[in-house]
1. Just for the stretch 52-82: of the residues that are among the β-branched types (Val, Ile, Thr) and not in a helix (DSSP H, G or I), which one is nearest to Leu29 (Cα to Cα)?
2. I'd like the full set of residues that are surrounded by fewer than 24 Cβ atoms within 10 Å (Cβ to Cβ), of a type in the set (Ser, Thr, Tyr) and not in a helix (DSSP H, G or I), limited to the stretch 83-133.
3. Taking the stated definitions as given, is Cys335 under 22 Å from the mean Cα position of the chain (by Cα) and surrounded by fewer than 20 Cβ atoms within 10 Å (Cβ to Cβ)?
4. Any idea which of (1) of a type in the set (A, V, I, L, M); (2) closer than 29 Å to Ala132 by Cα; (3) away from ligand 1 (no atom under 16 Å from the Cβ) is the one Ile312 doesn't satisfy?
5. Go through the residues of the stretch 79-86 one by one and say whether even a single one is of a type in the set (A, V, I, L, M, F, W, C), under 23 Å from Asp148 (Cβ atoms), away from ligand 2 (no atom under 16 Å from the Cβ) and at pLDDT below 95.
6. Can we say Lys142 is within 26 Å of Phe12 (Cβ to Cβ), of a type in the set (D, E, K, R), in contact with a strand residue (DSSP E or B) (Cβ under 7 Å, 6 or more places away or on another chain) and within 13 Å of ligand 1 (Cβ to nearest atom)?
7. Here are some residues: Ile188, Ile202. Which one is away from ligand 1 (no atom under 12 Å from the Cβ), buried (at least 24 other Cβ atoms within 10 Å of the Cβ) and aliphatic (A, V, I, L, M)?
Amino acid sequence: MKSFDIKTKIYFGENSLERLSDIPYKKALIITDPFVVKSGMLQMITMPLQQGYTEYDIFSDVVPDPPLEKIQNGVKAMLESDPDCVIAVGGGSAIDSAKAIREFTARSTNKPTAMIAIPTTSGTGSEVTSFAVVTDPDKDIKYPLVSDSMLPTEAILDAALVKSVPAAVTADTGMDVLTHAIEAYVSINNNEFSAALAEKAIEICGTFLLRSYLDNNDTHARQKMHVASCLAGLAFNSASLGLNHGMAHALGAKFHIPHGRANAMLLPHIIDYNSGISIHSKSQKEYPPCVRKYVNVAKLLGCSNFNEITTIRALIGWMQFMCKEMNIPLTISQCDIDKTEYFNAIDSMAEKAISDSCTKTNPRVPSKMEVAYIFEHLYD
Ligand SMILES: NC(=O)c1ccc[n+]([C@@H]2O[C@H](COP(=O)([O-])OP(=O)(O)OC[C@H]3O[C@@H](n4cnc5c(N)ncnc54)[C@H](O)[C@@H]3O)[C@@H](O)[C@H]2O)c1
Ligand SMILES: [Fe+2]
């Protein structure tokens, strides 16, 4: 038996932040990062709260790839503030921090608290997922925490907040959206509902990601990517992800490559590995089932070709083209990473990628040796 539900109520489109003047909560704890405070963006949140007479405290000590220590500080702040609602404002790091802080606080107080997630990047889809990724810097591990109790009560998608996202972050987070949608689409847990959501997200990325990278003022493209991010989040919340994320978590935790960038660099390699189609492939009668799915992805992106082999090659080429156009490195040798340190880390990264919970739903079951081989080939 399968089931599908969307628990988070989604407000979207122009002026959707006005919802904050009408929320049924008395006191909010805003959890955000220092950029949101410094940039003045926070006023776009606090003004409607004041109009609706909702009191608020602010916890702004969020850092990228949130470490456990910062989560503990947040729990202290939440216990002191005692809100009936948490409002997360920021990228995936702020939303995931807020989810973990709310979850750990509830475990000690037994008091349910509502949560409103307001993304300021178009990337993780965290506003509608039951995942929160936290980092243990001592062990170089990123842990995806998974629990339905972490699902936000409401999400607000207002593209006015993503106008200021710099091009490099637009590129990384946009490729994260595409990776979520593609991994959910080929996941062994995929279903008709997740597939419909993933297809729409892929189609939007094909048309609007590059536009949104090239021009901050292309509001239409930015609005579309903001919705695509949420659609892809809903897709993988139902179908889960795959090896691409398992490996990106291991790589990101060790070498601090931004999450979406690590995914983008790995994506061509993972499509090649999962489909079993390489530059040496010859036509055959039967392909693994994920090949048909990748062929559909290629159709949605407008790069389908003569047959399965040429289509998969074209799809891999399309991913590499997007990385080049958006200045995302294709290899580790193009990043500022020491070669010996990288190769020494491969064995441990491969082990972590294999035991990452995302890897479980990959369409092809990888061995540690195969994962190590992909990491090696990622170097140059
Ligand atoms: N929970 C999930 O389902 C899920 C899914 C994928 C990734 N993640 C996690 O989310 C994190 C990555 O999130 P992210 O990619 O959104 O990046 P992020 O939240 O780390 O933000 C990246 C940078 O962009 C800045 N920024 C955010 N909004 C901005 C804006 N409007 N204008 C200018 N700068 C802005 C931030 O201050 C930060 O410096 C990682 O920890 C990743 O593992 C979670
Ligand atoms: Fe991701």
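1. Ile58
2. Thr113, Ser130
3. yes
4. Going through (1) of a type in the set (A, V, I, L, M); (2) closer than 29 Å to Ala132 by Cα; (3) away from ligand 1 (no atom under 16 Å from the Cβ) one by one, Ile312 breaks only (2).
5. no
6. In short, no.
7. Going through Ile188, Ile202 in turn, the sole match is Ile202.
Yes/no per residue for (1) within 11 Å of ligand 1 (Cβ to nearest atom); (2) closer than 30 Å to Asp5 by Cα; (3) not assigned by TED's automatic domain parsing to the domain that holds Glu183:
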residue: Thr46; (1), (2), (3): no, no, yes
residue: Gly74; (1), (2), (3): no, yes, yes
residue: Gly123; (1), (2), (3): yes, yes, yes
residue: Pro137; (1), (2), (3): no, no, yes
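The values are calculated or read from the model by the stated rules, or taken from the named source; none is laboratory data. Note that this is a predicted model, so its numbers are computed, not measured. Methodologically, a virtual Cβ is constructed for each residue, glycine included, from the backbone with ideal geometry; neighbour enumeration extends over all protein chains shown.
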